[in-house]
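Have a look at the structure below, then the notes.
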Amino acid sequence: MLDQESFWDADIFAVITDKTKPAIKLTIDELASRGKKVYVVDMSGKPDQGAFQSISELPTGIESAIIGLTKTNPADAMADLEKKGIQKLWIHWRTETPEVKKRCIESKIQCITGRCPMMYLSHGFGIHTMHRGIAKLCGKY
């Protein structure tokens, strides 16, 4: 099984968003529909009700986190999540920065980059399942 597929086996997730990546909202909804516990950190400045505003507010015991940030460097969130003991990170497609790449190499955290989470979570017929099919055909799944 690919790391991208086994990543979703965790029971508890943190999702770090600034509301600039629409697939992050879909990811939150899909994880919740699968019965996963999802803690959302909304760094948009206008957080949804029930969302945390800072990674420091997250409880302990979270297994994996998805980062979908474009307004701030995702590498900063990676450092804060590592302090919380989270060892598996998914950095949303097209948000990787040089600092993210460096941190993934230097850290002991498992990092998945260059992939949209919904390409692995979606079902039925839609843009994300078509994306998955194309990625498989091109050997980029």
Report whether or not GLU57 is modelled with pLDDT of 95 or more and among the acidic types (Asp, Glu). yes
Does THR70 fit the bill of being under 14 Å from the mean Cα position of the chain (by Cα) and outside any helix (DSSP H, G or I)? yes
Scope the stretch 15-44; condition touching a helix residue (DSSP H, G or I) at 6+ places or on another chain (Cβ under 7 Å) and either among the small types (Gly, Ala, Ser) or within 16 Å of LEU58 (Cα to Cα) (or both); matching residues: VAL15, ILE16, THR17, ALA23, VAL38, VAL40, VAL41
Based on what the data block shows, is PHE52 free of Cβ contacts under 8 Å to residues at least 24 places away in the same chain and of a type in the set (Phe, Trp, Tyr)? yes
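Take GLU30 and tell me if it is closer than 19 Å to TYR120 by Cβ, crowded, with 18+ Cβ neighbours inside 10 Å, charged (D, E, K, R) and at pLDDT below 95. Quick ask: steps written out before the conclusion?
Working: closer than 19 Å to TYR120 by Cβ: yes; crowded, with 18+ Cβ neighbours inside 10 Å: yes; charged (D, E, K, R): yes; at pLDDT below 95: yes.
Spelling it out, GLU30 is indeed closer than 19 Å to TYR120 by Cβ, crowded, with 18+ Cβ neighbours inside 10 Å, charged (D, E, K, R) and at pLDDT below 95.
The values are calculated or read from the model by the stated rules, or taken from the named source; none is laboratory data. Values in this document were obtained by computation on a predicted structure and should not be read as measured data. Cβ sites come from the backbone with ideal geometry, for glycine too, and all protein chains shown count toward neighbours.
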